[in-house]
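Read the figures in this text as sums done on the coordinates, not as results from a lab. Note that the structure is a prediction, hence the values are computed from the model and not measured. Heads up, the Cβs are rebuilt from the backbone with ideal geometry, glycines too, and the neighbour counts pull from every protein chain shown.
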Amino acid sequence: MTVQPKIFETPLYAYQRSADQDAPAPVRHPVVVVGAGPVGLALAIDLAQQGVGVVVLDDNDKVSFGSRAICFAKRPLEILDRLGCGVEMVDKGVIWNLGKVFFDDRQVYEFNLLPEDGHKFPAFINLQQYYFEDYLVARLRQMQAEGAPIELRGKNRVTGLEQFADHAALQIDTPEGPYALEAEWLVACDGAGSPIRKMLGLDFVGEVFQDNFLIADVIMEADFPTERWFWFDPPFNRGQSALLHRQPDNVWRIDFQIGWDIDREAELKPENIDRRLRAMLGEDIQYSLEWSSIYTFQCRRMERFHEGRVIFAGDSAHQVSPFGARGANSGLQDTDNLAWKLKLVLEGLAPESLLESYDIERIHGAKENILNSTRSTDFITPKSETSRIFRDAVLDLSERFDFARPFVNSGRLSVPCTYDGSPLNTPDALPEGPARTRPGSPCADLPLGEGFLLETLGVRGKPGFQLLVIDTEAPEALVLEGLAVEVVALSSKDAPLLKDRYLGGAASAVYLIRPDQHVAARWATFDAGAVAQAVSRSLGKEA
């Protein structure tokens with residue numbers, strides 16, 4: 001039996017007529033976001049928390065159909081915590097750190113994605129995308145009630161787009177007819193088939209792999225542990241692979257590799273899905289099918305992520321194969337990178353050229369994701385008999401020998417991107433410092449008093465540059481390039497993990513932290529001139 005959660009049926013942002021539809025001339029907004037999925041909603045919340053007026057348009061009025069993206073990694077959870085809904089998502093989600101790999105009918109390898117303590121968030125949670133969107137909409141509504149400049153318009157479909165030097169002009173269709181709208185900046189978060197991208201005549205570059213996977217989300221009582229299980233050549237799917245994940249509400253995500261030359265309609269028939277499930281789980285299994293779909297491995301991206309007054313984020317800008325959970329997670333890192341830059345450009349505190357660094361840094365992230373995803377795809381689906389022999393030998397050896405285990409690739413799971421080579425980075429002046437917190441890296445979390453360090457850096461509602469000062473002296477506050485730079489002074493005696501994660505072999509350290517919690521620069525001691533120059537560089541004013 002196929003069932004559908006009630007949440008699919010509920011309009012979360014039903015159409016309502018806006019004042020813009022009755023205005024005598026098109027109303028111009030600072031930012032218009034197209035797409036109310038996780039990426040578009042997260043961007044809008046981030047901007048509104050910083051006081052930037054934003055309107056979100058979507059041609060739908062409900063959450064996404066089906067679980068879709070389910071694996072959310074530690075770094076995106078830290079971003080969502082700053083947006084005001086990370087803890088709620090973890091409380092609802094299924095927490096997991098451990099993964100196991102099977103070859104044929106035996107376990108050959110396992111891995112722990114968060115082997116160290118001292119972090120607020122786990123390595124991963126599993127949470128259906130429809131719940132994710134529900135929490136984001138609830139946060140948006142809360143902000144609206146508090147007077148934040150944010151609006152979500154359902155059943156508003158963009159049908160036309162024209163660009164000018166200082167704005168984008170939109171034509172929008174609604175149940176009550178069309179109207180016009182303008183945006184100083186338009187951000188397309190409208191998915192892999194992005195209508196906005198097509199309106200501009202733009203496309204992806206990259207590769208589509210000749211393989212398909214069947215997703216079956218089933219509701220069942222099962223005693224599998226809360227781990228990621230991946231099979232190569234299992235008895236129930238010979239010559240192919242399979243994946244098992246737990247989600248909230250006793251929903252289990254099962255992926256079956258099914259090959260390239262398939263009849264998609266036939267594969268999605270309930271009786272054929274049932275045949276696969278019973279081969280895997282046993283003839284006596286009792287379950288309900290919540291959702292099913294077929295996806296094709298793709299690793300593609302746009303050559304540039306912004307074109308004139310239009311900026312692309314999430315799946316509209318890049319696509320990766322799903323094994324590795326790099327799709328939605330990288331989309332949230334796009335928004336984290338973009339929001340503070342848009343704010344500073346809109347306020348005239350940074351030149352428009354700062355947005356070039358969004359392209360540079362997030363294309364760097366997309367390339368990293370595509371490389372890892374391509375390697376995973378090649379290992380999961382060997383392209384030749386020689387490749388298959390190599391893969392099977394690696395799997396056999398990994399059961400007994402440590403040296404073989406790093407070669408096992410069932411999907412290199414999402415990790416935060418370090419922007420090595422970014423023009424916003426200041427050359428590292430703390431060579432004894434840990435590599436994990438070098439310039440370009442996201443800050444590493446650690447316990448701090450009754451809370452955690454990342455709760456202090458990039459505080460919700462107070463985004464800005466911060467100076468993290470450890471075991472040395474610095475002024476209590478700074479104003480540089482028209483920006484207030486908050487100084488956070490800490491002692492490694494009070495937070496011992498600072499030594500491991502920020503000092504390394506250094507006796508003291510000073511870190512310049514960007515609004516997105518990435519390290520812009522670091523030194524052994526405070527130098528007013530060096531800090532001022534690093535802030536200027538981080539605003540795109542000098543290289």
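Numbers for the structure displayed
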item	result
Relative contact order computed over the chain (Cα-Cα under 8 Å; 6+ residues apart), in percent	15
Dipole magnitude of region 54-150 about its Cα centre (Cβ charges: Lys, Arg +1; Asp, Glu -1), debye to nearest 20	80
Loop-located GluC sites (Glu not before Pro) in region 69-167 whose Cβ has at most 14 other Cβ within 10 Å (DSSP)	E116, E146
Only Lys, Arg (+1) and Asp, Glu (-1) charged, at Cβ; region 108-188 dipole about Cα centre in debye	240
Region 435-538 - Kirkwood radius from inverse mean 1/r over Cα pairs (Å)	13.6
Order of T386, T525 - criterion: other Cβ atoms within 10 Å of each residue's Cβ, fewest first	T386, T525
In region 243-296, the GluC sites (Glu not before Pro) that fall in loop regions by DSSP, at most 14 other Cβ within 10 Å	E283
Positive-end residue of L281, F236, F312, charge dipole of region 235-323 with Cβ unit charges	F312
F403/F236 FRET efficiency (R0 45 Å; Cβ-Cβ; nearest 0.05)	0.90
Mean separation of Cα contacts under 8 Å, 6 or more apart, over the residue count of region 451-543: relative contact order %	28
Charge tally in the Cβ shell below 11 Å around D104, where Lys, Arg are +1 and Asp, Glu are -1, D104 excluded	-3
Difference of contour (0.36 nm per residue) and Cα-Cα distance, R436 to D173	89.9 nm
Positive-pole candidate from A48, G66, V208, dipole of the chain, charges at beta carbon	V208
V27, V218, V108 arranged by Cβ crowding within 10 Å, fewest neighbours leading	V27, V108, V218
Loop-located GluC sites (Glu not before Pro) in region 444-543, at most 12 other Cβ atoms within 10 Å (DSSP)	E450, E473, E476, E542
Ratio Rg/Rh, restricted to region 64-200 and using Cα atoms, in which Rh is the Kirkwood radius	1.10
Radius 12 Å from Cβ of G433, net charge of other residues (Lys, Arg +1; Asp, Glu -1)	+2
Cα gyration tensor shape of the chain, rounded if a/c is under 1.5, else prolate or oblate by comparing a/b with b/c	oblate
Kyte-Doolittle mean at least -0.5, axial Cα span of 18 Å or more - DSSP H helices of the chain	327-346, 385-398
Cβ charges +1 (Lys, Arg) and -1 (Asp, Glu), total dipole of region 435-538, debye	360
Cα centroid separation - region 40-82 against region 503-543, whole Å	29
Signed unit charges on C-beta, dipole axis of the chain, positive-most listed residue W185, P175, P427	P427
Overall form of region 176-221 per C-alpha gyration tensor (a/c, 1.5; a/b vs b/c)	oblate
Local electrostatic count at A489 - Lys and Arg +1, Asp and Glu -1, tallied over other residues with Cβ under 13 Å	-4
Rg/Rg_globular for region 38-114, with Rg_globular taken as 2.2 N^0.38 Å and Rg from C-alpha atoms	1.51
Which of S330, S241 has the fewest Cβ neighbours within 10 Å, and the rest in rising order	S241, S330
Prolate/oblate/rounded label for region 123-250 (Cα gyration tensor, a/c 1.5)	oblate
